[in-house]
Every structure is written in structure tokens, then in C-alpha cells.
Amino acid sequence: MNWTILVIAGLFEIMWAIGLKYTEGFSRFWPSVGTLLAMAVSFGLLGIAMKSLPVGTAYAVWVGVGAVGTALLGIVLFGEAANLGRLLSLGLIVAGIVGLKLSTQTS
């Protein structure tokens, strides 16, 4: 269950990272509110997941999910580069996340 919570925390990390773009430096009220709420949920769920997951693993997976999702949405929403090197690098992050999941024993 904590792995599911951790992935959901990562999804909320994607939301707040993308939300930061829409806040325009926190000068827009509603995007700022949504971004701050997504941050709170993301950090809260990360904390819950860390109750039984190793801190290094949980943090690395959380950041990895957020980084991959944010980069992919940057490509889709903002027309950022989608070259082979970038996509292969994102694939390596995904491989690292899978490797951490497979090699982590939880209590």
C-alpha cells in the first residue's frame, strides 16, 4: 500500500511542478492555490509512505516519478525538446525506479 501512496505522491509532485509554470511566479491566485495544495498533498503522502519505506528509496522514487512526469508533460504541454537523448535519459530514470522497487524490502 505504501508504494501506491508513494506513486500518488509523485503524481501530485508532477501537478505542483507543472502548476508552478501557471502561477507565473505566484502572481496568479488560483493557480498558486492549486499548486500549494498539490505541494501539501504530495509532501503529506510522501511522509506517510516513509513510515515503512526506506527514506532514500522513497525520496528517490518520489523525485523520479515527479521528474519523469514533469519532463513528459513539458514536452506535451510546452513543446519542450523530445530528442532521443532526453527520452533515453528519462527511460533510465524509470529503470532506476523499477530497480529500487524490486530491490527494496519493506516491513
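On the given criteria, is residue 104 surrounded by fewer than 16 Cβ atoms within 10 Å (Cβ to Cβ), touching a Leu at 6+ places or on another chain (Cβ under 8 Å), among the polar types (S, T, N, Q) and in contact (Cβ under 8 Å) with a residue 24 or more places away in the chain? First the steps, then the outcome.
Details: surrounded by fewer than 16 Cβ atoms within 10 Å (Cβ to Cβ): yes; touching a Leu at 6+ places or on another chain (Cβ under 8 Å): yes; among the polar types (S, T, N, Q): yes; in contact (Cβ under 8 Å) with a residue 24 or more places away in the chain: yes.
Against the criterion (surrounded by fewer than 16 Cβ atoms within 10 Å (Cβ to Cβ), touching a Leu at 6+ places or on another chain (Cβ under 8 Å), among the polar types (S, T, N, Q) and in contact (Cβ under 8 Å) with a residue 24 or more places away in the chain), residue 104 qualifies.
When the residues of segment 50-107 are narrowed to those that are of a type in the set (Val, Ile, Thr) and outside any helix (DSSP H, G or I), which ends up modelled with the highest pLDDT? Write out each step before concluding.
Step one: list which residues in segment 50-107 are of a type in the set (Val, Ile, Thr), which gives 55, 57, 61, 63, 65, 68, 70, 75-76, 93-94, 97-98, 104, 106.
Those left that are additionally outside any helix (DSSP H, G or I): 104, 106.
Working: 104: 87, 106: 66.
The qualifying residue modelled with the highest pLDDT is 104.
Kindly establish whether residue 27 is among the small types (Gly, Ala, Ser), closer than 17 Å to residue 4 by Cα and not in a helix (DSSP H, G or I).
Values: among the small types (Gly, Ala, Ser): yes; closer than 17 Å to residue 4 by Cα: no; not in a helix (DSSP H, G or I): yes.
In short, no.
Output the number of residues of segment 12-35 satisfying the condition of being more than 18 Å from residue 64 (Cβ to Cβ), touching a residue at least 12 places away in the same chain (Cβ under 8 Å) and open to solvent by 30 Å² or more (accessible area, probe 1.4 Å).
Final tally of qualifying residues: 5.
The values are calculated or read from the model by the stated rules, or taken from the named source; none is laboratory data. None of these values were measured; they are calculated from a predicted model. Reconstructed Cβ throughout: ideal geometry from the backbone, glycine too, with neighbour counts over all protein chains shown. Side chains are part of the model used for accessible areas, which takes the heavy atoms of the whole protein and leaves out ligands, DNA and RNA. Shrake-Rupley method; radii C 1.70, N 1.55, O 1.52, S 1.80 Å.
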